[in-house]
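Below is one structure, written out as structure tokens; comments come after it.
The values are calculated or read from the model by the stated rules, or taken from the named source; none is laboratory data. Quick caveat: nothing in here was measured; it's all calculated off a predicted structure. Cβ: placed from backbone, ideal geometry, glycine included. Neighbour counts: every protein chain shown. For the accessible areas, the whole protein counts, side chains as well, though only heavy atoms, and no ligand, DNA or RNA atoms are used. Shrake-Rupley method; radii C 1.70, N 1.55, O 1.52, S 1.80 Å.
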Amino acid sequence: MAAAPFIGTVGATAVNKQVSSAPQSVAAAPAAAKAQVRQVVLKTGMAGGKMVYLDEKGNANPVLRGNVGDTIEVTISSGEGAEHDIVFEGLNVTSPKFDRKSGPVKVSFKLAQSGKFTYFCSIPGHRQIGMEGTLEVTGPADASAAAKPAAKVMGAAPATSTGGVAAIAPAAANAVVISQDPNAVPRPLGARAPQLVKYAIETVELEGRLDDGTTFTYWTFAKKVPGPMLRVKEGDTVEVALTNNPNSKAVHSIDLHAATGGLGGGESTQVAPGETKTITFKALNPGLYVYHCATPSVAHHISAGMYGLILVEPKAGLPKVDKEFYVMQGDLYTKHAFGTKGHHEYSQERAADELPTYYTFNGSVGALTKEHKMSVKVGETVRVFFGVGGPNKVSSFHVIGEIFDRVYSEGATNTVKQNVQTTLVPAGGATITEFKVQYPGKYLLVDHSLSRAGKGLVGALEVTGKADGTVYKASDKPMADMAH
Ligand SMILES: [Cu+2]
């Protein structure tokens, strides 16, 4: 977007020569005053779990005032370090985005009409969590000011306009593998008394490989999608210290479905870049639970990779198996279609319509077929801890060529279903499936809504060992009783 003439960053040449000569309190707006330049200094911050704009006195979302004909000059910076902007709705005024690194930015515009206007942050979710205030413009409409074409004084192209889809950017050269290793399952805890378990988790935003030649800016717990699997015991006290990496552009948080109270932690873990917040909860209920970021827009944070599983083992533990795996499904919304090479951008519009361009197991296309291996031997028993981060789509989890001997539906460890072909896993839900492998070959993990396999959703379990012809046999010959 081309910057309008009145938009510039601080440090550039003054956007208005009158700025320093006529500083005015924004609160006072004498009705009959002649046109003035009104300087407003704002910074963003967190207050009571909300994101807000703060004036120099610390007032949250202050009412800004001016008269028709005045020029409002806003200097705004990120107090807590995350990325924001300020939009004056109905006035076609949008600031450049700013964060800790960019320093303050400035917007300046002339008030051409009286009325009440809303200002807000256009980063998805930020307005909803508090970044919204009012600009009151008083005084009779100055005919000369009002008559001027809006384009002259307020001619910025609205930055919120999506327009057509621009060409995709090249794939990020520094992209890393973000997919979680499905073998990264903590060991069973065994029989032990309840204890205090401490986790320190860092939220990190980074360029990651989405597919071959394709990258995406992931938001992660500990640089992997899903985040680390946590394993505690029923009755344990769990301490989670969440640190947001100083280079983050967004605030992040954690809501653990295994926790009771405080929005699962989402209420008190809204962490600004560079900061740490800690919650402690008692693991009252056994089961397999999802955790996820709970910072608006929550769907964006989850879709970008911020989810994981926490297992609360029942007191007696789970039955012993030979091999455990950790797999999670996610749906991702990008501006460009599946398969487009380059660096994909998140699409708020597609997310709102729940039309994913990508589906993944463990965060990327090929995570469980190329980036990591899942292998077992004939005769071994397998357990898959499977969760759906979503944010939106449920999974019809199925392993092609295998039958789940046991399913702990919805992750509830006290009930077991036997002999299940496909199990339904809700968004923000989980399941535990167990099966013995009796025949070698490649078993495909899928969501049986199979169109999704064409958008990246397939994994593979390799089974090696001796083939037992009584379990399965293939032949080119016609069946004996059909031969004559
Ligand atoms: Cu987040």
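Computed values, structure above
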read-out	value
√(5λ) per eigenvalue of the Cα gyration tensor, the chain, largest first, Å	54, 25, 16
Probe 1.4 Å - accessible area at Lys436, Å² to nearest ten	90 Å²
Average Cα contact separation per residue, the range 168-259, under 8 Å, 6 or more apart, as relative contact order %	34 percent
Over the range 356-484: Rg over Rh, Cα atoms, Kirkwood Rh	1.03
Equivalent-ellipsoid semi-axes of the range 239-300, from the Cα gyration tensor, Å, largest first	21, 13, 9
Across Lys393/Lys417; Lys282/Lys323; Lys233/Lys436; Lys282/Lys320; Lys233/Lys320, pairs whose alpha-carbon gap is larger than 20 Å	Lys393/Lys417; Lys282/Lys323; Lys233/Lys436; Lys282/Lys320
Accessible surface, 1.4 Å probe, highest first, among residues Arg65, Arg100	Arg100, Arg65
Relative contact order for the chain, counting Cα pairs under 8 Å that sit 6 or more residues apart, in percent	11 percent
Cα-only Debye scattering, the range 196-464: base-10 log of I(q)/I(0) at q = 0.12 Å⁻¹	-0.70
Relative packing of peptides 80-90, 177-187 - highest average C-beta neighbours within 10 Å first	80-90, 177-187
Listed residues Ile129, Ile310 arranged by accessible area, highest first, probe 1.4 Å	Ile129, Ile310
Cα-based reach from Lys106 at 19 Å (exclusive), listing aspartates and glutamates while leaving out same-chain residues under 8 positions away	Asp55, Glu56, Asp70, Glu73, Glu80, Glu83, Asp85, Glu89, Glu132
Shape category assigned to the range 339-431 from the gyration tensor of Cα positions, a/c cut at 1.5	oblate
Sequence of Thr413, Thr369 from largest to smallest accessible area, 1.4 Å probe	Thr369, Thr413
